[in-house]
Amino acid sequence: MYHAHFRGTHYEMGFRFGSSLAKNNRFVLDNVPFPITAERKEFACACVPLYREYFPEILEEISGLADGQQCGVELIQAVLFSMYAIPPSCCCSCFAISDGSHILLGRNSDFIPALEKLNMNVIYRFSPNGSHSFTGNTTAFIEMEDGVNCRGLAAGLTSVYPAVRKPGLNAGMLLRFFLEKCENTEDVIRQLDRLPVSSSQTFTVADSKGETAVIERSPQRTKVIRPSKERPFVCATNIFSSEEMSAFQKTGIDTWRAEERYETLSRSLTAHSGRMDLSAVQNLLAGKEGFLCQYDRQNGTDTVWSVVYDLSGKGIYRTEGNPGRRKFKKDERFLLN
């Protein structure tokens with residue numbers, strides 16, 4: 001896993017990252033796991049005006065990265081803006097619990113193991129302070145797939161194959177937006193009500209006050225799922241679990257056993273009545289409660305990192321690899337308030 005610490009304005013961070021890679025003869029466009037087709041370029045072009053309206057800072061960072069890499073900004077935009085709207089694969093598992101003693105969000109990132117050395121763990125600290133500082137993880141760059149910010153808001157995504165797509169912000173850029181601009185779970189829900197969305201996905205969210213939710217979101221509709229007495233937890237994989245959202249996803253797609261992973265999460269969290277400590281959450285992510293990460297790497301699938309955001313204990317625990325084979329380690333470089 002590649003570790004990076006960014007400081008400054010969005011443009012400065014993008015430029016420094018791009019130029020440092022270029023000095024070592026490393027270029028982000030050489031490692032994109034899908035072809036940059038005319039379809040992706042056209043779709044990204046249609047999204048640009050919406051990013052300019054709702055998240056202009058990210059365009060500045062992409063511009064800086066392109067300048068540092070000495071490549072066309074349109075190519076970087078084509079990769080990033082199409083990534084979840086035209087997905088290469090849909091995988092990952094996420095859940096959150098808040099039981100009065102513990103507030104924990106756990107996530108397994110499942111992806112292509114051949115690219116795992118390119119996965120990034122990042123810390124962003126902005127100057128001037130127009131955005132919240134945060135730390136997060138991604139299989140790509142600039143967009144985020146899970147993270148926690150200085151306000152104690154943690155979030156993780158799972159992608160869902162879209163039945164339709166339209167110009168807007170995609171899953172990874174939305175999660176990045178939440179980390180930069182939101183302070184709590186209700187902020188995330190409000191922002192999703194107003195932002196144009198290009199892809200289908202779930203967001204599992206938890207804040208330092210113990211408010212948790214899964215938001216199922218497609219370009220057409222939103223469904224907010226909150227804990228209840230019967231289900232005192234929230235969880236998500238690469239399917240829409242609610243009846244209201246089931247029509248907004250493609251069927252007949254390889255979701256890396258998403259239904260089985262969802263059943264593992266639901267069964268285990270129900271058995272524990274939504275009350276689990278850090279060790280129990282790590283065991284669940286490690287596959288000790290049923291199938292969650294037990295992929296066969298020989299088939300080109302695996303869990304490439306696992307993370308727990310402990311908002312009550314103010315700690316971050318991550319394994320850079322499959323949690324069934326590697327131990328979680330505490331990351332003390334980003335302190336939670």
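The values are calculated or read from the model by the stated rules, or taken from the named source; none is laboratory data. Computed from a prediction, not measured in an experiment: that's the story for all the values here. Ideal geometry is used to build each Cβ from the backbone, glycine not excepted, and the neighbour counts take in all protein chains shown. Ligands, DNA and RNA are stripped out before the accessible areas are found, and what is left, the full protein with its side chains, is counted by its heavy atoms. Shrake-Rupley method; radii C 1.70, N 1.55, O 1.52, S 1.80 Å.
The set of residues in the stretch 121-166 being under 20 Å from Thr185 (Cα atoms) and over 11 Å from the mean Cα position of the chain (by Cα) consists of Gly130, Ser131, His132, Ser133, Phe134, Thr135, Asn149, Cys150, Arg151, Gly152, Leu153. Out of the stretch 146-184, which residues are open to solvent by 10 Å² or more (accessible area, probe 1.4 Å) and charged (D, E, K, R)? Hits for the stretch 146-184 are Arg151, Arg165, Lys166, Lys181, Glu183. For the stretch 234-252, the set of residues classified as in a loop (DSSP other than H, G, I, E, B), open to solvent by less than 60 Å² (accessible area, probe 1.4 Å) and farther than 11 Å from Lys223 by Cβ consists of Thr237, Asn238, Ile239, listed by residue number. Among the residues making up the stretch 312-337, those that are open to solvent by less than 10 Å² (accessible area, probe 1.4 Å) and among the small types (Gly, Ala, Ser) are Gly315, Gly321. Of the numbered criteria (1) touching a residue at least 24 places away in the same chain (Cβ under 8 Å); (2) of a type in the set (A, V, I, L, M, F, W, C); (3) in contact with a Phe, Trp or Tyr (Cβ under 7 Å, 6 or more places away or on another chain); (4) part of a helix (DSSP H, G or I), the one Phe6 fails is (4). Within the stretch 219-233, the set of residues being buried (at least 22 other Cβ atoms within 10 Å of the Cβ) and closer than 24 Å to Leu50 by Cα is empty.
Closer than 29 Å to Arg151 by Cβ, without any contact (Cβ under 8 Å) to a residue 40 or more places away in the chain and surrounded by 20 or more Cβ atoms within 10 Å (Cβ to Cβ), is that true of Tyr309? Quick ask: steps written out before the conclusion?
Values: closer than 29 Å to Arg151 by Cβ: yes; without any contact (Cβ under 8 Å) to a residue 40 or more places away in the chain: no; surrounded by 20 or more Cβ atoms within 10 Å (Cβ to Cβ): yes.
No: the conditions fail for Tyr309.
Every residue in the stretch 33-69 that is of a type in the set (Val, Ile, Thr) and open to solvent by 30 Å² or more (accessible area, probe 1.4 Å), please. Steps first, answer last, please.
So the first thing to find is which residues in the stretch 33-69 are of a type in the set (Val, Ile, Thr), and the list is 36-37, 48, 58, 62.
Passing the criteria: Ile36, Thr37.
When Gly136, Gly72 are checked against the criterion of being under 30 Å from Glu42 (Cβ atoms), small (Gly, Ala, Ser) and crowded, with 22+ Cβ neighbours inside 10 Å, Gly136 stands alone in meeting it.
For a quick check of your reading: which strands (runs of 3 or more DSSP E) sit entirely within the stretch 61-139 and have at least 1 residues that are at pLDDT 95 or above and of a type in the set (D, E, K, R)? Give the derivation first.
Working: elements: 93-98, 103-111, 120-126, 134-138.
By residue number, 103-111, 120-126.
Answer yes or no as to whether Tyr295 is in a loop (DSSP other than H, G, I, E, B) and open to solvent by 10 Å² or more (accessible area, probe 1.4 Å). So Tyr295 fits the description; yes.
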